[in-house]
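The values are calculated or read from the model by the stated rules, or taken from the named source; none is laboratory data. As the structure is a prediction and not an experimental result, all values here were calculated from the model. Cβ atoms come from the backbone with ideal geometry, glycine included; neighbour counts cover every protein chain shown.
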Amino acid sequence: MAEELYFIKTNPTIAKINLYNKLCREEENILKFLQPEAQNTLETIKEKVKDSVEELTQEELLLIFQWFHQVYSSDHEETKTQLFINGIDLFYEIPTTVHAENFVQILSDYEKLLKQDMNYMVDAKNFNQFLIYGIFLTEILNREQHQDNILCEYLKPDNKSLYLLAENQCGLKEPDHKLIPDLQHYFTDLYDLTKFYKGSIIKLENQ
């Protein structure tokens, strides 16, 4: 299961120039990191980045991610800055294992309900629908706290089928109520950060 969850937006145009040049310039460094089959792996990554960073597999993107984390290991914010400069915008993360695992489980249940595999890269519109479902689900589960969620009430009229889906799902599982407020916070944050975004959202699980 995921230990951390990263949410990423990409800029293929910037990556085509900056990330490609960085991979070429620091080839010796990254080859040590990519063992085994380092040269073949690096050439595959470079060719894909030159075309579009969104062609990278989840495993290839995670390798780049882990390499940046190693190079800038003393400063997490610098890691994020350098990724951004190279066309990879780490705009949100869920760093706690138990929260990451529960978020992934909610996503898995949602995919089964809709008979739809969202994969690690998903269109922002579809991701937005999942986030609205997550907001509804956590709000219904958190009702006993008597906390009104204004966003939930705002979204409900235009998303009745998603609300009904969340309501039905709530009756199937007994959740860990201690985790619900934090999960509700993650869903709301992610919704706010992506509701006007039109590109792809990448969900990267760091095992």
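Brief remarks follow.
- Residue count, the stretch 115-125 (criterion: surrounded by 15 or more Cβ atoms within 10 Å (Cβ to Cβ) and outside any strand (DSSP E or B)): 3
- Residue-level check: of (1) more than 15 Å from Asp89 (Cα to Cα); (2) touching a Phe, Trp or Tyr at 6+ places or on another chain (Cβ under 9 Å), Glu55 misses just (2).
- Filter result for Asp75 (acidic (Asp, Glu) and modelled with pLDDT of 95 or more): no
- Only listed residue being over 26 Å from His177 (Cβ atoms) and either in contact with a strand residue (DSSP E or B) (Cβ under 6 Å, 6 or more places away or on another chain) or touching a residue at least 60 places away in the same chain (Cβ under 8 Å) (or both), chosen from Leu90, Leu131, Leu63: Leu90
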